1. Have a look at the DSSP beta bridges in the chain and tell me what percent are antiparallel, nearest 5.
2. Which peptide among 247-260, 74-87 comes first, and what is the full order, when sorted by highest mean count of other Cβ atoms within 10 Å?
3. Can you tell me the length gained on complete extension of the stretch Thr426 to Thr524, counting 0.36 nm per residue apart and subtracting the Cα distance?
4. Given contacts defined as C-alpha pairs under 8 Å and at least six residues apart, what's the relative contact order of the chain, whole-number percent?
5. If the cut-off is a Cα-Cα distance under 24 Å, which lysines reach Lys263, setting aside same-chain residues fewer than 8 apart in sequence?
6. When only alpha-carbon atoms count, how far does the stretch 383-531 stretch along each of its three principal axes, as whole angstroms with the largest first?
7. Give the long-range amide H neighbours of Ala476: residues separated by 5 or more places, or on another chain, with amide H under 5 Å away, using H modelled in the peptide plane at 1.01 Å from N.
8. In whole Hz, what ³J(HN,Hα) sequence does the stretch 237-246 give by Karplus (6.51, -1.76, 1.60; θ = phi - 60°), x for Gly and Pro?
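No lab work stands behind these numbers, since they all come straight from the coordinates. Since we're looking at a predicted model, the values are computed, not measured. Positions of Cβ are generated from backbone atoms using ideal geometry, with glycine treated the same way; all protein chains shown enter the neighbour counts.
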Amino acid sequence: MFALTFFGILHVPINIPALAFNIGEDHLDLDRELMAHGITNALSGFAGSIQNYLVYTNSVLFIKSGGNSRVAGFLLAVATFFIMISGPGIIGFIPVMMVGVLIFVLGFELVCEAIWDPRKKLKPLEYLTVIAIVLVMGIYDFVVGIFVGIGLAFVSLVVQTSRIPAVRASYSGEIAGSTVRRNPVQHDYLHRVGKQIHVTKLAGYLFFGTIVSVEARIRSLIEEEAFNNRPIRYLIFDLWHVTGIDYSAAEAFNRLNRIFSRKGVTIVMSGVDSESAIGLSLRAVGLGENGNEVKLLPDLNSALESCENELLKALYHSKEVRNARNARSNTESRDLDVPRSNSPVQYSIDTQFSSPRRAYLHAAATNTLDTTERVQKSHKWQNFAEPLRLLLQTFQGLTDKNEDFWFRAVAYFTRREYLAGTVLYTEHQPANEFYLLEDGILRADYDLPQGRYFESIVAGTTCGELPFFSETERTATVVAERDCVAWAMGKEQWRLLQERDADVAQELLRVSLKLTSERMAAITSYVLTTAG
């Protein structure tokens, strides 16, 4: 009874797709077939009759004999009903040899179809599964053969899936960066210390068969020789392309966090929400409870931004120490303002720099500040009023013109103040102004057909220059994330600058194109990193 019930349920998704494949039917609706079998079996049961069952071999023979229309099906039903009324005696008139030949032909064709034809189509493990099913069904029992086939198919799936590497790509922070539009000082510093960030992109379903190779690869990062050559501080796991995770894989992440926390490495998980199925699986094993706190961030950009902001704290610390040493009253630098991360990773740096990583951060911060001070002393930027100081700082390294040249552009900029939450412009609006950001942070949100992303714009950078100079519509909505001070140039000021100081306008356009080129390179790099 169990075998009959089991096969009554299982024969529809097995026999009907096989029959459709055999006869070349491309418009199979399996859900419709399941509904039809369910209704007819229910009616047959209420009438006290036997269950409805599609016999694959008989159907193949009937269709190949020309019964490929609805009329043939009705005729077969009528003939069957006639035999049922007449009784089994009529079957005795059929020659035994004809029945034997029929059975032999059917058996031979089915054996060729099941064993001989697939030998070059299937992989070795899949073909062995087919042979095992045929032998078990023929020698022992049909139902047992089905269970054996299901078990072997599961083993085959595990073996084949575990051979596919779960690590999609690995990047250093020197290559993979956030889309934050940073000023030259921050950009130079992060380029120096970017190797302390390591990004590992994972893909597919993570389970006990694939997580072993992932864990071995990640553990190699903190082996003594590798760690001395490249001491990482932040390890980002990008799970954007991960479809699911089982208990053993989630526990492996927990184990890696405990190991890495002893090395002072912080793990960040990107591309996963804390309330999603993957996030709940990670939380269920207590991820982050017995080691460093692990943050779950929605995308790779947020994770990179968070880690970069934490690394920049070493630069702030060195700046404050240097300012205190020089007895300066103002210890805050306006051009080193960075965006706040919604999920910051805790970071602290002491003045002793006892670890190699902290010593490296201190050395990188010192070199960056020394370079900045030398450039500032040579150009005397700090003695200039705004927006001349801002112009020289923003265009540093992009122009060979001096302060006298850029002083002629000062009159064409207007100072603007924006409170946090103020919308500077929205998508598809005409570009009537472009901005030099003196203080605060702007957030640009892009809503494109390919998807959405955002970038933060910090002090000492430009905003909206490409649509302004190309006279096209805005491609993003820009909002003041903090209270901001900006210097704006409108269309009328741009027209007057072109008429009165054409050489300054031409140089401003050339510098803006260079800035746009840098942004396009950064965004392209991030897009390729995300897609890799």
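1. That works out to approximately 65 percent antiparallel.
2. My ranking of the peptides, most packed first, is 247-260, 74-87.
3. 33.0 nm
4. 11 percent
5. Qualifying lysines at Cα under 24 Å: Lys195, Lys201, Lys295, Lys313.
6. So the three principal-axis extents are 45, 32, 29 Å.
7. Residues meeting the criterion, in which the H sits 1.01 Å from N, are His428.
8. Couplings: 9, 8, 9, 4, 9, 8, 8, x, 8, 9 Hz.
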